[in-house]
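Working notes, beginning with the structure itself.
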Amino acid sequence: MSPIPDETPFARLAELTTKLEATSKRLEKRALLVAFLKSLRRDEVPPAVHLIVGRIFAESDSRALNVGWATLKKALAGTKQATLVPRPLTILEATRMFAQIAEARGPDSTRARRRLLESLLGRASEEERDVLLRNVFGEMRIGVNEGVMLEGIADAAGVDAESVRTAHMFLGDLGMVAEIALFEGAVGLRSRGLRLLAPMKPMLAEMAEDLDEVLAEHGGQTAVEFKLDGARIQIHRKGDVVRIFSRRLSDVTDSLPEIVAIAKSLPASEFLLEGEVVAINADGKPLPFQDLMRRFRRVHGIAAAQEEIPLKLYLFDLLHVDGQTLIDAPYRARWESLERLVPSEYLTARRIVTHKQEIEPFLQAALVAGHEGLMAKALDSTYSVGKRGKKWFKIKPADLLDMAIVAAEWGSGRREGWLSNYWLAVRDESTGGFQMIGKTFKGLTDAEFETMTERLRGLATSEERWGFHVRPEVVVEVAYNEIQRSPHYPSGFALRFARIVRIRDDKGPDDVDTYARLKDLYKKQFERKGRGPADL
Ligand code: AMP
């Protein structure tokens, strides 16, 4: 039997971070990580990986250091650098001490944490102390994010990056992924699939540009479901134990007793369901997202909250049932199993369509019922854990803004000879000028391009290599799917999928929508989506 190698000194990790900080090249960072990871003992891999990304504990680990600024300051003041260090600090020791700090409990815990921190820092050299402190602050600033680390792990283990990423989606623990990859290889990673009662990153959707794109991507047929304006949840059940996790993987079981009761009433002893909870009013109409979040955040008085803000559950996926994992089954089959497991009152409204004429009235029905839009899901697609792609599209009603054309570019190809790419702007009341928020060449007929070209030429204020700046006199009604933050324009915003719906000859520059309204719409959109800081 080979002897167990000695624990790796923490100094080696500090040395690595200095080197990582010194290069901005991703490939060099990866190479440094590879050499380092390969030199570690098995039990050192998880803690080292977490310390390198500045996290101390795994993402799925709910422990926190609980070291406030005041404690830290006192600890730094109280730290006496040991002049005679008996043994160098090791990676495992540092992690053990961090764990003790996080686990300190009781009335005297602040002092205990400070003492522990003092003794940890006291054992460290200057360079080591820097790494420890950056971890305490939760920020390494050495350019090794999760993505780079996942690539480094893949290289070090000689497995493909995709399987490392997938395992990470399931395990939610970068360190554990690294350990398995390095010591059990691709086979080990594959065997760590879905685990009941442990959260899994949900599959995500891409914004659809238009309905033709949706049908084309999904091979002429797609399933459209109501896109509910609530909070996504995954419901795990194993025997009598039920756990519910939010989209961001926090455990929200205790705030949702009525959902737990529903889960316990279903005729299977093991499952993983996905769906959306929506807060409703007395008439059963969806309430704003903020009301739902109040329910989620409630820790006390849950019974009262249950009456005040009732919830409705809509399920749309089934990923595991009684020993059978459905992640790799097509959505068509998952839905069939879902229908067999749950009463229809909990199913999300859905239909299978082949024409966009069938989608439009369903979208209207969703909006009338107070929901956000539709999701379109490819029937043959497996469940891609944690990924955003075209297998799931979100379809939202287009929003409209009246905008001025402030410049126009010459087209190429079929639009050669026409001023056909238009710069779109809203009115900035504070300056009296215009703020550009996008460009589009979509929406006009050939005949309209023709007359528009003549008209804009007449409004030119300066000629450029690419076209003209023009007086902002032509107003167009523009449909778009989303307002995004963007560094491209001084306005700070850009429209996603902008296209001209109509030329508004009845409107002039004073009728153009304002920059203030745009900012307001952006804020509302943010609230509606629930991606704000309030989101769980
Ligand atoms: P978004 O947050 O705009 O990227 O849209 C994706 C979110 O829509 C998901 O994370 C769910 O919370 C929510 N959603 C609402 N209805 C559905 C549905 N029928 N299928 C999947 N997700 C849905």
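Of the listed pairs 442/507; 356/394; 227/394, which have alpha-carbon separations greater than 18 Å here?
Table pairs above 18 Å Cα-Cα are 442/507.
Using Cα pairs under 8 angstrom and six or more residues apart, how large is the relative contact order of the chain, in percent?
Relative contact order, the chain: 12 percent.
Sum up the charges of everything whose Cβ sits under 14 Å from the Cβ of residue 32, counting Lys and Arg as +1 and Asp and Glu as -1, but leave residue 32 out.
Net of charged neighbours comes to +2.
Taking GluC sites (Glu not before Pro) that fall in a DSSP loop and have at most 13 other Cβ atoms within 10 Å as cut points, what is the longest piece of the chain between them?
No qualifying site falls inside 140-428, the longest such stretch.
Can you tell me how much longer the chain between residue 358 and residue 414 gets when fully stretched, taken as 0.36 nm per residue apart minus their C-alpha distance, in nm with one decimal?
The residue 358-residue 414 span can extend by a further 17.0 nm.
Please list, in chain and number order, the residues 5+ apart from residue 491 or on another chain whose amide H is under 5 Å from its amide H, with Hs placed from the backbone.
436
I'd like the Kirkwood hydrodynamic radius of the chain, using the inverse of the mean 1/r over distinct C-alpha pairs, in Å. If you can, show how the numbers build up before the last one.
On the way: mean 1/r = 0.0368 Å⁻¹.
For the chain, inverting the mean 1/r across all distinct Cα pairs yields 27.2 Å.
Let me have the 222 nm mean residue ellipticity of the chain computed from DSSP H runs of 4+ only, each contributing -39500 (n - 2.57), with the sum over all residues rounded to the nearest 500.
On the way: 18 runs with 208 residues, N = 536.
The per-residue figure over the chain is -12000 deg cm²/dmol.
Take 8, 514 and order them by how many other Cβ atoms sit within 10 Å, fewest up front.
Least to most surrounded, the residues fall as 514, 8.
Between their Cα atoms, which of 238/387; 390/439; 238/390; 29/80; 19/390 are more than 28 Å away from each other?
Flagged as over cut-off: 238/390; 29/80; 19/390.
Pull up all non-local amide H partners of residue 56: gap of 5 or more, or a different chain, and H-to-H distance under 5 Å with H placed in the peptide plane.
It is 51, by chain and number.
Using θ = phi - 60° and the Karplus curve 6.51 cos²θ - 1.76 cosθ + 1.60, what whole-Hz ³J(HN,Hα) does each residue of segment 385-401 get, with Gly and Pro shown as x?
4, x, 10, 9, x, 8, 6, 10, 10, 9, 10, 10, x, 5, 9, 10, 9
Values in this text are rule-based calculations from the coordinates and carry no lab data. In this text, all values refer to a predicted model and were calculated from it rather than measured experimentally. Please note: Cβ atoms are built from the backbone with ideal geometry, for glycine as well, and neighbour counts cover all protein chains shown.
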